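See structure below.
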Amino acid sequence: GFVVMASVMLVLLFFFIRTIIIFLVILYCLSSTSAITNVFGPLVSQKVTFLQRKIKVPVFEFVSLAHIFCFLVGITLASIWFALRFTGLVWPIQDMMSMSLCLQILNTVRFTDIKVCTVLLSLALVYDIF
């Protein structure tokens, strides 16, 4: 069973590798947009008081203007990164997108000790550099 499944997976990877890569890149853009919205939305809402106002959105009920602003910023950054990802000019955008993903994971998982968070972020930094 394992040999057959592994062989099928290798054949699928051989024929559909470009499609899989594009799917993963689009998934990265969407998840980083969500992370930018969730990480920076409360910060922007706290710092810019007129963005605290909430408006009614049909699917999501009430959403603050800060979250909508951060969502638009995230979509813009992800689109710029997607369009220019093969150039050497967008590495700061990619670092910001990845940083917001790491912060979103740390926010979601809820570590009880600050030492664990420090070690994980340090390892993510080392992984990013090397």
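Within the set of pairs 6 or more residues apart or between chains, which connect a residue that is touching a residue at least 24 places away in the same chain (Cβ under 8 Å) inside the range 72-89 to a residue that is open to solvent by less than 50 Å² (accessible area, probe 1.4 Å) and in a loop (DSSP other than H, G, I, E, B) with Cβ atoms less than 8 Å apart?
81/90
Say whether the condition of being farther than 30 Å from residue 13 by Cβ and touching a Gly at 6+ places or on another chain (Cβ under 8 Å) is met by at least one residue in the range 87-94.
No, the range 87-94 contains no residue that is farther than 30 Å from residue 13 by Cβ and touching a Gly at 6+ places or on another chain (Cβ under 8 Å).
Only one of these conditions is not met by residue 7: (1) assigned to a helix (DSSP H, G or I); (2) exposed (fewer than 10 other Cβ atoms within 10 Å of the Cβ). Which number is it?
Only one criterion is unmet by residue 7, namely (2).
Count, please, the residues in the range 100-121 that happen to be farther than 25 Å from residue 77 by Cβ and either in contact (Cβ under 8 Å) with a residue 12 or more places away in the chain or of a type outside the set (A, V, I, L, M, F, W, C) (or both).
Here the count works out to 5.
For the range 46-69, state whether one or more residues are assigned to a helix (DSSP H, G or I), open to solvent by less than 40 Å² (accessible area, probe 1.4 Å), within 28 Å of residue 123 (Cα to Cα) and not acidic (Asp, Glu).
no
Can you tell me which residue within the range 89-121, out of those that are among the polar types (S, T, N, Q) and modelled with pLDDT of 90 or more, is most open to solvent (accessible area, probe 1.4 Å)?
If we take residues in the range 89-121 being among the polar types (S, T, N, Q) and modelled with pLDDT of 90 or more, then 94 is most open to solvent (accessible area, probe 1.4 Å).
Answer yes or no: is there a residue in the range 26-36 that is in a helix (DSSP H, G or I), in contact with a Cys (Cβ under 7 Å, 6 or more places away or on another chain) and in contact (Cβ under 8 Å) with a residue 12 or more places away in the chain.
yes
Determine if the range 90-111 includes at least one residue that is under 17 Å from residue 29 (Cα atoms), out of contact with any Pro (no Cβ under 7 Å at 6 or more places or on another chain) and part of a loop (DSSP other than H, G, I, E, B).
yes
The values are calculated or read from the model by the stated rules, or taken from the named source; none is laboratory data. Given the structure is predicted, the values throughout are model-derived calculations rather than measurements. Glycine gets a Cβ as well: all are built from the backbone with ideal geometry, and neighbour counts include every protein chain shown. When the accessible area is computed, the model is the full protein with side chains, heavy atoms only, and any ligands, DNA or RNA have been set aside. Shrake-Rupley method; radii C 1.70, N 1.55, O 1.52, S 1.80 Å.
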